[in-house]
Amino acid sequence: MILSAQLMVDSGDFVVEHLVDSDENRILLERFKVGKGADGLEEYLKSCALDDEISGESRTYLVKDSVSRALACYFSLRTCLVPLALDDETFVTMPAIELSNFAVNEQYRRAQSNTRKIGAYVFLEFILPIVKHVAGIVGAKWLSVYSLPEAGLMKYYESLGFRSLAPDDEAFVYSHVKPKYDDGCIFMYQCIEGASAPI
Ligand SMILES: CC(C)(COP(=O)(O)OP(=O)(O)OC[C@H]1O[C@@H](n2cnc3c(N)ncnc32)[C@H](O)[C@@H]1OP(=O)(O)O)[C@@H](O)C(=O)NCCC(=O)NCCS
């Protein structure tokens, strides 16, 4: 993978592009429909993603069907620090990359006869490679996500390699860095392969 502002990765089935790579992307996102009642993910893409791009807060990527160019999925990434208490008085911070948004376009999924898990495919083919690439250039040991507090979704994230922190560690993270919009969500993380093990 070449690191460039014009990131374009092609898996054969899908191509991933940075949100601001083409004007077509701004039109495509208007047709995005999220599933599972997770309306905030659709709202973010349509109303906030571009502003966050401009301010440098987060980077959003659109995954398109290589043939039809239809929007299949999107995800956003940003850096973060995860605070971990060593004892009552001291703590360390774990450099991490946060998967801050991740959703499949249900309109696209419904139009497909193939029922495979598009999100899981995107995670393995695009998100993990980008994260590993970045972690090879900028120190980052964990990939984190704030999962909606749904048992099925958390189980799904576990199947992708994420796990929860111990309750005390989780509470410490929430009391220091949990974003307002992730209220009620559950912090999960996985080690980025190639980075050393967590403390
Ligand atoms: C998360 C997502 C990208 C995964 O896509 P995928 O790999 O194609 O897999 P699926 O859509 O089949 O979802 C995987 C499982 O998670 C569950 N799940 C996904 N999103 C969920 C949600 N918001 N609430 C409850 N359960 C959810 C699904 O029901 C499914 O459970 P199952 O395996 O028991 O059928 C996709 O489900 C999605 O767009 N969800 C809505 C947006 C969302 O919740 N994003 C995560 C924000 S933290």
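When you filter the trypsin sites (Lys or Arg not before Pro) in region 107-199 for DSSP loop state and at most 16 other Cβ atoms inside 10 Å of their Cβ, you are left with Arg116, Lys117.
Inter-label distance, Gln107 to Glu24: 1.6 nm, where each label sits 7 Å from its Cα along the C-beta direction.
The amide H of Ala72, built 1.01 Å from its N in the peptide plane, has Val63, Lys64, Asp65 as neighbours under 5 Å, considering only residues 5 or more places off or on other chains. Between the helical axis of 167-177 and the longest alpha-carbon principal axis of the chain there is an angle of about 70 degrees. A straight chain from Ala166 to Glu43 at 0.36 nm per residue would run longer than the Cα-Cα distance by 41.1 nm. Just name one of Ala151, Gln107, Phe123: the one whose Cα is farthest towards the positive end of the charge dipole of the chain (beta-carbon charges, Lys/Arg +1, Asp/Glu -1). Going by the Cα projections, it comes out as Gln107. Spacing of the modelled spin labels on Cys80 and Ala120, each 7 Å from Cα toward Cβ, amounts to 2.4 nm.
For region 143-191, chymotrypsin sites (Phe, Trp or Tyr not before Pro) are listed when DSSP marks them as loop and at most 12 other Cβ atoms sit within 10 Å of their Cβ; the list is empty.
With the gyration tensor restricted to C-alpha atoms of the chain, the semi-axes of the equivalent ellipsoid amount to 29, 18, 16 Å, longest first. As a calculated quantity, the FRET efficiency between Glu89 and Lys180 at R0 = 22 Å, using C-beta atoms, amounts to about 0.20.
Any read-out appearing in this document is the output of simple, stated calculations on the displayed coordinates, not a laboratory observation. Everything quoted here is computed from the prediction, not taken from an experiment. Note that we place each Cβ from the backbone using ideal geometry, even for glycine, and neighbour counts take in every protein chain shown.
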